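Right, one structure below, let's go through it.
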Amino acid sequence: MSLYEQEHIELEAAWAEIKEAQKKERVLRGARVVGIERHRINGNETECLVVMYNGIKGLIPRQAFDDYQLKGLTGFLNRIIEFCVETYNVEMQMFIGNRVKALKKLQQIFFKLYKKGDVVNAFVRGVDAVNVYLLVDGFPCKMHRNDFSWTYHEDLSMEIALGSRFDVRIMDLELPQDGKEGRITVSKKALEKDPFEQVKNLRIKSEYVGQVKQIHEQHGYFIELYVTPNFVVRSNFPPGAHRLDIQVGDSVAVKIMDIDYSKREVKTLLIMNAEKPFATRGGRRR
């Protein structure tokens, strides 16, 4: 069998799947967003996402992509999405898809498929400084930054890209009843190893070097110690030295003053010499 014949057979199989999905209103997964075009759909010119599904081009109008208030579609380029088939034209080798319909169908069966404790893949549909707005296998929910990571992030929108995916654990769920929609609570942090376990590697009154990850006007320096990867300690600005010549990315030395396991706190002191703090870049003292 030639390569052309093999490709022809695969394309025919893909079209058969498209036709069956349209007839049975079935959800298809695995379409890649490859572009954004403007088309006249039902008499109105609209922005459309261009998707490819097993070699077949499809269009998903903006209003059929997500009922979440999107600021733009560019962030969803090269993402993998699910959809239902509205119409198709074999002669033009193209179909029109509807992702909103697919999401609603997935929401209807969500509570039949999943339970508390399950790990499910989530799709990022929106993000702001404090929350990330997810579709957990099609079911919408909001996750606070405290459930995103053990590491504190002041602005989640600087850490998470629209359309990205990651696994989350279902921490709680409420089944739909009495006309009320169901609700779920999820956590990405629950799948990560607790970095506080590494505190056992620290000794009180000992000194360690780490990298400054963040500087906060009120809370001081947030430092990831090299001896405890992914675990960040906080150090206040030294008295009378609020504006020190220390920047994010610098290496600094701290002294461990106390460890409170019940409060999950490590008290530190930024080590300074008589004139300025000990701080290095590239392993050299400035």
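Name the residue that is surrounded by the fewest Cβ atoms within 10 Å (Cβ to Cβ), counting only residues in region 175-193 that are in a loop (DSSP other than H, G, I, E, B) and charged (D, E, K, R).
Across region 175-193, the extreme among qualifying residues is Asp178.
Looking at (1) assigned to a loop (DSSP other than H, G, I, E, B); (2) modelled with pLDDT of 95 or more; (3) surrounded by 15 or more Cβ atoms within 10 Å (Cβ to Cβ); (4) not polar (S, T, N, Q), which is the one condition that is false for Ile96?
(1)
Could you tell me which residue of region 236-251 is modelled with the highest pLDDT, considering only residues that are more than 13 Å from His216 (Cβ to Cβ) and among the aliphatic types (A, V, I, L, M)?
Leu244
(1) in a helix (DSSP H, G or I); (2) surrounded by 15 or more Cβ atoms within 10 Å (Cβ to Cβ); (3) touching a Phe, Trp or Tyr at 6+ places or on another chain (Cβ under 9 Å): which one isn't true of Phe83, the others all being true?
Here Phe83 clears every test but (1).
What is the residue count in region 55-80 for residues that are assigned to a strand (DSSP E or B) and closer than 23 Å to Asn42 by Cα?
6
Would you check which residues across region 26-47 are at pLDDT 95 or above, out of contact with any helix residue (DSSP H, G or I) (no Cβ under 6 Å at 6 or more places or on another chain) and not in a strand (DSSP E or B) and list them?
If the condition is that a residue be at pLDDT 95 or above, out of contact with any helix residue (DSSP H, G or I) (no Cβ under 6 Å at 6 or more places or on another chain) and not in a strand (DSSP E or B), then Arg26 is the only one that fits.
So the check is Cβ under 9 Å with 6+ separation or different chains; which pairs have a first residue in region 69-86 that's at negative phi and hydroxyl-bearing (Ser, Thr, Tyr) and a second one that's assigned to a loop (DSSP other than H, G, I, E, B) and surrounded by 15 or more Cβ atoms within 10 Å (Cβ to Cβ)?
Thr74/Leu162
Exactly one of these conditions fails for Thr151: (1) crowded, with 17+ Cβ neighbours inside 10 Å; (2) of a type outside the set (Asp, Glu); (3) in contact with a helix residue (DSSP H, G or I) (Cβ under 7 Å, 6 or more places away or on another chain). Give me its number.
All conditions pass for Thr151, except number (3).
For region 1-22, give me each residue that is closer than 26 Å to Lys105 by Cα and not acidic (Asp, Glu).
Residues satisfying the conditions are Ala13, Ala14, Trp15, Ala16, Ile18, Lys19, Ala21, Gln22.
Among Ser157, Ser149, which is outside the structural domain of Tyr226 (by TED's automatic domain parsing) and in a helix (DSSP H, G or I)?
Criteria check complete, one pass: Ser157.
Restricting attention to region 1-56, report how many residues are touching a Gly at 6+ places or on another chain (Cβ under 6 Å) and of a type in the set (Asp, Glu).
So the answer is 0.
Might you check whether a residue that is at pLDDT 95 or above and of a type in the set (D, E, K, R) occurs anywhere in region 60-80?
no
Being exposed (fewer than 12 other Cβ atoms within 10 Å of the Cβ), more than 36 Å from the chain's Cα centre (by Cα) and in a helix (DSSP H, G or I) is the filter here; which residues of region 1-22 pass it?
Passing the criteria: Leu3, Tyr4, Glu5, Gln6, Ile9.
Per-residue answers, yes or no, for (1) crowded, with 16+ Cβ neighbours inside 10 Å; (2) free of Cβ contacts under 8 Å to residues at least 40 places away in the same chain; (3) within 15 Å of the chain's Cα centre (by Cα); (4) not assigned by TED's automatic domain parsing to the domain that holds Arg62:
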{"position": "Glu91", "(1), (2), (3), (4)": "no, yes, no, no"}
{"position": "Leu106", "(1), (2), (3), (4)": "yes, no, no, yes"}
{"position": "Ile109", "(1), (2), (3), (4)": "no, yes, no, yes"}
{"position": "Val120", "(1), (2), (3), (4)": "yes, no, yes, yes"}
{"position": "Gly126", "(1), (2), (3), (4)": "yes, no, yes, yes"}
{"position": "Tyr133", "(1), (2), (3), (4)": "yes, no, yes, yes"}
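The values are calculated or read from the model by the stated rules, or taken from the named source; none is laboratory data. Predicted model only: the values in this text are computed from it and were never measured. When we count neighbours, we look across all protein chains shown, and the Cβ atoms used for this are built from the backbone with ideal geometry, even at glycine.
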